[in-house]
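*Asks:* Mind looking over this structure? Questions follow.
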Amino acid sequence: MKLINVEPKDNYILRVYLDDESIIDFNVKAELERIPCYKPLYDPGLFKSVRFKNKRIYWNDQFDFHLDQILERGQLVHDAAN
């Protein structure tokens, strides 16, 4: 399974699209509160500059999340099995 698109939404949510057609909403704000060094992502311009490659979403060399974290902490919006 790998990422095919990431879309920044309001309230620091990332909508994550996977190659199996699943869609997950990942609450980055919860992670920012949990990981203090990620607080620069509160900047809307930086947050909206999110990118992805294979199994990783990232903003620059300092801030990233692996697909495993997204699957563990995200909310399933669309299940490919249904």
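*Asks:* Mind checking which lysines have their C-alpha under 18 Å from K2, skipping anything on the same chain fewer than 8 residues away?
*Replies:* K53, K55
*Asks:* Let me ask another. Let me have the 222 nm mean residue ellipticity of the chain computed from DSSP H runs of 4+ only, each contributing -39500 (n - 2.57), with the sum over all residues rounded to the nearest 500.
*Replies:* It lands at -5500 deg cm²/dmol.
*Asks:* If one computes P(r) from the Cα atoms of the chain, what percent of pairs lie at distances over 19 Å?
*Replies:* The share of Cα pairs beyond 19 Å in the chain comes to 29 percent.
No value in this document is a laboratory result; all are computed from the given coordinates. Just so you know, these numbers come straight off a predicted model, no measurement behind them.
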